[in-house]
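Below is one structure, written out as structure tokens, with a few remarks after it.
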Amino acid sequence: MTRERRLILFDIDGTLITSGGAGEKALKEAMGTRFGKTEDFSGIVLAGATDRAIAVNLLRKNHLPASDENVAALMDAYLHHLSEEIGRHAGTVLPGIIPLLEALERRENIVLGLLTGNLVRGAEIKLRHFGVWDFFEFGAFADDHMDRNELGHFARTRATQMTGCEFPPERIFVIGDTPRDIECGRAIGAHTVAIATGQYSVEELQAFHPDFLFETFDSTPAIVAVLAGSEDDS
């Protein structure tokens, strides 16, 4: 029998990589160069939010119209600064990620995608810098929708378009490091996989009851067994 394919969707920041603060610095620079505002992010939730939602909140906080034009201007400035800042900060690929992606890529039943609050260009800037971009052929991004919980539908549709396969919820795994990633996975009925390599501890993530929870992805065989199943599965 042909093995049923599984869709594995990864968050980026705090899950695959850390930019070492490059993203935050780029946002601060963008607010300064585009709108002349000094920003400290007080009252702004960054972890797990989409870039577009962050832009709207920053504009409103600074008493600026959150118009489509202002959001686009802020995001354009952010991407410009991000391309400059990404090489200036001590970011890194997080533990176990490269071996895990390599192992999953070898499995014929696995389709890898991104499910992230980053803009697609921001995702590419970050992941290409760290040599991870080419593991992923598609994804869902902040360009698609401001509400992160809507992004899973875009990712699922694109996976079907790319492969010709349907992916019911029980064969989709959403991986991330924040409660918002868990919520995002639940929005499409997927398995939720939480990883404590971001701002949230194992204990904090456990309170949101993900289906699977790991401290790191160092144990590649154990993680692959969860995500891809046994080699003997059919």
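Determine the relative contact order of the chain: mean sequence separation of Cα pairs under 8 Å and six or more apart, normalised by residue count, in whole percent.
Normalised by residue count, the contact order of the chain is 27 percent.
Among 174, 226, rank each residue by its count of other Cβ atoms within 10 Å, from fewest to most, as a rough exposure measure.
Going from sparsest to densest Cβ surroundings: 226, 174.
Please build a GNM for the chain, connecting alpha carbons under 10 Å apart, and tell me which residue among 185, 139, 32 fluctuates the most.
The residue that fluctuates most here is 32.
Of 42, 19, how do they rank once you tally other Cβ atoms within 10 Å and put the fewest first?
Lowest to highest Cβ neighbour count: 42, 19.
For segment 42-48, take each phi angle, set θ = phi - 60°, evaluate the Karplus expression 6.51 cos²θ - 1.76 cosθ + 1.60, and give the result in whole Hz per residue in order, putting x for glycine and proline.
After applying 6.51 cos²θ - 1.76 cosθ + 1.60, I find 4, x, 10, 8, 9, 4, x Hz.
How big is the antiparallel share of DSSP beta bridges in segment 1-157, given as a percent to the nearest 5?
Given both bridge residues lie in segment 1-157, the antiparallel proportion sits at roughly 20 percent.
What residues have an amide H closer than 5 Å to that of residue 119, excluding those fewer than 5 places away on the same chain, when H is modeled at 1.01 Å from N in the peptide plane?
51, 142
Test of understanding: ordering 175, 110 by Cβ neighbours within 10 Å, fewest first, what list do you get?
So the residues, fewest neighbours to most, are 110, 175.
Given H placed on each backbone N at 1.01 Å, which residues far from residue 109 in sequence or on other chains put an amide H within less than 5 Å of it?
Amide H neighbours of residue 109: none.
List every residue whose amide H lies under 5 Å from the amide H of residue 139, counting only residues 5 or more places away in sequence or on a different chain, with H placed 1.01 Å from N in the peptide plane.
Under 5 Å from the amide H of residue 139 lie the amide H atoms of 114, each far enough along the sequence or on another chain.
If you take every residue apart from residue 62 with its C-beta less than 10 Å away from the C-beta of residue 62, what net charge results, scoring Lys and Arg +1 and Asp and Glu -1?
Here the count lands on +2.
In whole Hz, with x marking every Gly and Pro, tabulate ³J(HN,Hα) for segment 210-220 from phi via Karplus 6.51 cos²θ - 1.76 cosθ + 1.60, θ = phi - 60°.
x, 5, 9, 9, 10, 6, 9, 9, 5, 8, 4
Considering the values (i) 22.0, 75; (ii) 17.7, 62; (iii) 17.7, 56, which represents Rg and Dmax of the Cα atoms in Å as calculated for the structure under consideration?
Computed from these coordinates, Rg and Dmax of the Cα atoms in Å corresponds to label (ii).
Enumerate the calculated ³J(HN,Hα) couplings along segment 173-179 in order (Karplus 6.51 cos²θ - 1.76 cosθ + 1.60, θ = phi - 60°), each rounded to whole Hz, writing x wherever the residue is Gly or Pro.
10, 10, 10, x, 10, 10, x
Treating only the Cβ of Lys, Arg, Asp and Glu as charged (+1, +1, -1, -1), what charge dipole size does the chain show about its Cα centre? Round to the nearest 20 debye.
Here the size comes out at about 460 debye.
What is the sum of charges around residue 30, taking Lys and Arg as +1, Asp and Glu as -1, for the other residues whose C-beta is under 15 Å from the C-beta of residue 30?
Net of charged neighbours comes to -2.
Bear in mind these aren't lab numbers, they're just calculated from the coordinates by the rules spelled out. Keep in mind the model is a prediction, meaning the values are calculated, not measured. Every residue, glycine as well, gets a Cβ built from its backbone with ideal geometry; the counts of neighbours run over all protein chains shown.
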